[in-house]
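All remarks here apply to the structure that follows.
The values are calculated or read from the model by the stated rules, or taken from the named source; none is laboratory data. Computed from a predicted structure; not experimentally measured. Note that each Cβ is placed from the backbone with ideal geometry, even for glycine, and that neighbours are counted across all protein chains shown. Only protein heavy atoms, including side chains, enter the accessible area calculation; ligands, DNA and RNA are left aside. Shrake-Rupley method; radii C 1.70, N 1.55, O 1.52, S 1.80 Å.
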Amino acid sequence: MSGTSLDGLDICYCSFRNINSKWQYSLLAAETIKYPTKLTNQLKEAHKYSAEQITALDFSYGKYLGEQVKRFVSEHGIEADYIASHGHTVLHNPTQEYTLQIGKGAAIAAYSGIPCISDFRSGDVSRGGQGAPLVPIGDKLLFPEFDICLNLGGIANISFDDVLGNRLAYDICVCNMLLNHLAGLTGQEFDFNGELGRTGQVIPELLQELENLEYYNQPSPKSLGREWFEGNILPILSRYAAYPPKSQLRTAYEHIASRIAEDCNRLKKTTLLATGGGAKNVFLMELINQKTQAKIIIPESKTIDYKEAIVFAFLGVLYLLQYPGALASVTGANNNSITGCLYY
């Protein structure tokens, strides 16, 4: 798994069991590999590349992923049946009916020696869906004890059951993508525990502009990506560049926590599972807790860090069972669909 926050490659080794029609999983080994600087920059700039450059990166990044898996398997002394790889999103524009995750599945399989399931989003987009989020099927089947699942990654997204038991989900707002961008203005990769943002002051005019973004008034299904961030958030931030970065950050925290709380409180649910890198940000979680009515559960560190990777492993299992992983109730597609392609 490689997320929009570009903090590294998550690899986890999982086993899955279905006992009495209930899914269970075990996380047997996991690690996050920090990307080499060159690769980080390539992935960050890939959306500007030519078709030939993107194709070359698709293959070279797939080779890198395959080699990392081969090393991981060897170091942990494990035998994996399959790889399930999300890849890295370079382009995501479902309204124009396309999405692109690079990290060639054929290259991963070739360099690791393990069959690889990849390209999980294309089928849903081709059926009129957003292609995202895909984690909700995992939320529903692997974490059924929680009313709401909140992922605080580069983008904050939410998943829950409606009164009829249909799983619904959507992207709420940008999260670490925005916070990391602003932390970068001070030379930091991220705002550790929110310590920098905590010392700033909310900029009311900036907060109001963020709150007024049209996306928040749109009904779900809906999803966000880097393109939306660059086209909508960055132009607003540019008008407040004279303010201290710590105050821009403080305003971003207020905005993110308010968006999340408003959407969660509207559901009138009891329990909320918070995962993703943002769940480790002490200041962000303080603000969300203050504003949110549901009881927030933050699990142990490995579930926080690897939940998304665990769910993509599970999507690989569902592919092998020919069970739909993309839910039309979540993505807005014409119908549920089996996600992925298998390379040997």
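Quick notes on this one:
- Residue within segment 188-201 that is in contact with a Pro (Cβ under 8 Å, 6 or more places away or on another chain), closer than 30 Å to Thr99 by Cα, in contact (Cβ under 8 Å) with a residue 24 or more places away in the chain and surrounded by 14 or more Cβ atoms within 10 Å (Cβ to Cβ) present: no
- Only one of Ile172, Ile260 that is assigned to a helix (DSSP H, G or I), at pLDDT 95 or above and touching a strand residue (DSSP E or B) at 6+ places or on another chain (Cβ under 6 Å): Ile260
- Residue count for segment 25-53 satisfying the condition of being in contact with a strand residue (DSSP E or B) (Cβ under 7 Å, 6 or more places away or on another chain) and either surrounded by 12 or more Cβ atoms within 10 Å (Cβ to Cβ) or under 23 Å from Asn157 (Cα atoms) (or both): 11.
- Counting only helices (runs of 4 or more DSSP H) that fall entirely inside segment 92-145 and contain at least 1 residues that are aliphatic (A, V, I, L, M), in contact (Cβ under 8 Å) with a residue 24 or more places away in the chain and touching a Ser or Thr at 6+ places or on another chain (Cβ under 6 Å), the qualifying elements are 105-112, 122-126.
- The set of residues from segment 1-24 being within 14 Å of Val311 (Cα to Cα) and either open to solvent by 60 Å² or more (accessible area, probe 1.4 Å) or assigned to a strand (DSSP E or B) (or both) comprises Asp10, Ile11, Cys12, Tyr13, Cys14, Ser15, Phe16, Arg17, Trp23, Gln24.
- Only a single item in (1) open to solvent by 50 Å² or more (accessible area, probe 1.4 Å); (2) within 15 Å of Lys291 (Cα to Cα) is not met by Tyr253, and it is number (1).
- Residue count, segment 281-306 (criterion: at pLDDT 95 or above, closer than 21 Å to Leu178 by Cβ and not in a loop (DSSP other than H, G, I, E, B)): 11
- Residues within segment 162-187 that are of a type in the set (A, V, I, L, M, F, W, C) and open to solvent by 60 Å² or more (accessible area, probe 1.4 Å), tallied: 3
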